[in-house]
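Following: one structure in structure tokens, then a few remarks.
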Amino acid sequence: MNIIFTGGGTGGHLVIALSLAETARERGHRVIFIGSASGQDRQWFGDSDLFEDTYFLDTTGVVNKKGFGKLNALWKIFKALLVSRSIIRDFHADAIVSVGGFSAASAAIAALTTKTPLFIHEQNAITGKLNKLLRPYAKGFFSSYEEGDNHCDYPVNPRYFQNARLRDAVKTVIFLGGSQGAKFINDLALEIAPWLNEGKIHIIHQCGLKEEERVKKGYADLGIDAEVYGFTTKIAELVERSDFAISRSGASTLWELCAAGVPAFYIPFPYAAADHQFHNARYIIDHDAGWCERQGDGLAQKLQEAILSDIRPKSEMLRHLIAPEGAVEIIEKIEERV
């Protein structure tokens, strides 16, 4: 088959495009990518040899725009839609796979206008506006939060499964604020660091490049030898060494921790669209496999109580919530339906 992958804007969408495209190519399919010149799409795939071709079109998000800005964004999407139609026809595409985000709009809508089968992967527990709009017209819709025919295991890097282990004691904690870091989590880490240090619990902290200098100085002032990373591509290795995580609840991070069997204390980003990070975390909480608290005062005490609790049952439950080969499962379903 000839498959077009589209979507992105942020790493949470793009990591899914990467995983699915790698799997499709391994199974003998031809793959190309249509994204946006805005966002992180070009950073991820501009120099990639995974795709036969990559296209970064002039589009921007619509949701947060008003007035003329919204009209301009819609006009850009319309022009990109026309370009996408030509790409679809020239490539003789058999299927288009959207991973969401504003980058997906032009090619996903072009799939409908060219009657090319459209498949959607939704990363979050709350369906994004574009995906909600296109879902009734899609040939397939994949979600790790729904039951039934739409359910799929989240496409997680195999390394998280290969090195998964049961956690029954907290000797190392990892603070994860996402690729950009999170000031609130950084402040919470420095607040609780003396208590962790007193309990001989090692600290790994991914704090974001903007906060790296401040956070390193904070630990130095406390006399605590913590591992601090502004940004790193070695998150999988750091998670392997960790027994407990304090994290935002973006979908990819949440399912990676799940695959590794690492219990987590989730603090959702309060300004996420449709509060989706809170609902992502609620899926884990509803299965009694972690903790979730809104961002605010007084979390240090609750975090201490979680770290001191029996984490073994939660670590065991996490490994029942996700299975390997999520990407293979999705590509196989696409093969069956095209």
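The values are calculated or read from the model by the stated rules, or taken from the named source; none is laboratory data. Source: prediction; values computed, not measured. So basically every Cβ, Gly included, is an ideal-geometry build from the backbone, and we count neighbours across all protein chains shown. To get the accessible areas, we keep the full protein, side chains included, count just its heavy atoms, and leave off ligands, DNA and RNA. Shrake-Rupley method; radii C 1.70, N 1.55, O 1.52, S 1.80 Å.
Table for the structure above
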read-out: Count - residues of the stretch 17-42 that are more than 20 Å from the chain's Cα centre (by Cα), farther than 20 Å from I88 by Cβ and outside any helix (DSSP H, G or I); value: 2
read-out: Looking only at the stretch 110-127, and only at residues there that are in contact (Cβ under 8 Å) with a residue 40 or more places away in the chain and open to solvent by 30 Å² or more (accessible area, probe 1.4 Å), the one that is farthest from D286 (Cα to Cα); value: P117
read-out: Residues of the stretch 43-87 classified as part of a helix (DSSP H, G or I) and closer than 16 Å to S103 by Cβ, total; value: 14
read-out: Residue within the stretch 222-233 that is at pLDDT 95 or above and within 29 Å of G128 (Cβ to Cβ) present; value: no
read-out: Qualifying residue in the stretch 278-294 (condition: more than 18 Å from the chain's Cα centre (by Cα), more than 19 Å from Y145 (Cα to Cα) and not acidic (D, E)); value: yes
read-out: Qualifying position, being touching a Phe, Trp or Tyr at 6+ places or on another chain (Cβ under 8 Å) and within 30 Å of F141 (Cβ to Cβ), among A289, A259, A327; value: A259
read-out: Residue in the stretch 178-199 that is of a type in the set (A, V, I, L, M, F, W, C), over 22 Å from K302 (Cβ atoms) and either surrounded by 14 or more Cβ atoms within 10 Å (Cβ to Cβ) or in contact with a strand residue (DSSP E or B) (Cβ under 7 Å, 6 or more places away or on another chain) (or both) present; value: no
read-out: Restricting the stretch 44-100 to residues that are of a type in the set (K, R) and touching a helix residue (DSSP H, G or I) at 6+ places or on another chain (Cβ under 6 Å), the residue that is least open to solvent (accessible area, probe 1.4 Å); value: R85
read-out: Only listed residue being open to solvent by 10 Å² or more (accessible area, probe 1.4 Å), in contact with a strand residue (DSSP E or B) (Cβ under 7 Å, 6 or more places away or on another chain) and either in a loop (DSSP other than H, G, I, E, B) or more than 22 Å from I307 (Cα to Cα) (or both), chosen from R165, R135; value: R135
read-out: Strands (runs of 3 or more DSSP E) fully within the stretch 211-303 counting 3 or more residues that are in contact (Cβ under 8 Å) with a residue 12 or more places away in the chain and buried (at least 18 other Cβ atoms within 10 Å of the Cβ); value: 244-247, 264-266
read-out: Residues being of a type outside the set (K, R) and more than 17 Å from F265 (Cα to Cα) - total across the stretch 177-206; value: 6
